[in-house]
1. Looking at Phe59, Phe46, Phe28, which one is out of contact with any Gly (no Cβ under 8 Å at 6 or more places or on another chain), of a type in the set (Phe, Trp, Tyr) and surrounded by fewer than 16 Cβ atoms within 10 Å (Cβ to Cβ)?
2. Restricting to region 107-120, name every residue that is surrounded by 13 or more Cβ atoms within 10 Å (Cβ to Cβ) and part of a helix (DSSP H, G or I).
3. When you scan region 133-162, how many residues do you find that are touching a Pro at 6+ places or on another chain (Cβ under 8 Å) and in contact (Cβ under 8 Å) with a residue 40 or more places away in the chain?
4. With in contact (Cβ under 8 Å) with a residue 12 or more places away in the chain, touching a Leu at 6+ places or on another chain (Cβ under 9 Å) and within 21 Å of Gln128 (Cβ to Cβ) as the only criterion, which of His35, His31, His18 stands out?
5. Go through (1) surrounded by fewer than 14 Cβ atoms within 10 Å (Cβ to Cβ); (2) closer than 20 Å to Gln128 by Cβ one by one and return the number of the condition Thr80 breaks.
Amino acid sequence: MVLFANFVEYNFHRGPMHNRNRLLDIVFKRHTLTHHAYFPHDHMGFKAGKDAYLVFFPFWVIFLLFGLAAPVFFLTWFLTNSNVAGLFLIVAVSYFLLYEWLHLLYHLPEGSKLGELKLIRTLKRHHQAHHNPALMNDYNFNITFPLWDWVRGTVYRQVEQK
């Protein structure tokens, strides 16, 4: 279920968040035009606490995501049982919260103690490369863990210059 959630994250980010789509144009505008413009790759931290809203999904996106997940929930219930469907729901909500918290950590102001944790620094570099305008449409779409970036060959690896 976590692998499935990571797959959905990758595809939603690579798809409607970076490609205009008539039905989900508001998602594209909010992410690509607003979030990426406010947080360029060379200045990832928000300036004031009130700007953290530019990191989080708007509240209404929760309903969109869970509306899209509802068929999977009911199919899981139908094919297995209510316990497995409930587990799917728990993983979906937990994964969404993990996504939001990690994304916030990547955009904390420079010098924050949480942002200096080794795992967070590593994941932040992955996300920071994605914020480079030359790379953002081709590389590093996973925010939580770059599993599907590795599988799909979209992990950006900076070439060391000699």
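1. Details: Phe46 fails: surrounded by fewer than 16 Cβ atoms within 10 Å (Cβ to Cβ); Phe28 fails: surrounded by fewer than 16 Cβ atoms within 10 Å (Cβ to Cβ).
The unique qualifying residue is Phe59.
2. If the condition is that a residue be surrounded by 13 or more Cβ atoms within 10 Å (Cβ to Cβ) and part of a helix (DSSP H, G or I), then Gly115, Ile120 are the ones that fit.
3. Residues in region 133-162 being touching a Pro at 6+ places or on another chain (Cβ under 8 Å) and in contact (Cβ under 8 Å) with a residue 40 or more places away in the chain: 1 in total.
4. Being in contact (Cβ under 8 Å) with a residue 12 or more places away in the chain, touching a Leu at 6+ places or on another chain (Cβ under 9 Å) and within 21 Å of Gln128 (Cβ to Cβ) holds for just one of His35, His31, His18, which is His35.
5. Failed condition: (2).
Just so you know, all these numbers are worked out from the coordinates, no wet-lab data involved. As the structure is a computational prediction, the values presented were derived from the model and not from experiment. So basically every Cβ, Gly included, is an ideal-geometry build from the backbone, and we count neighbours across all protein chains shown.
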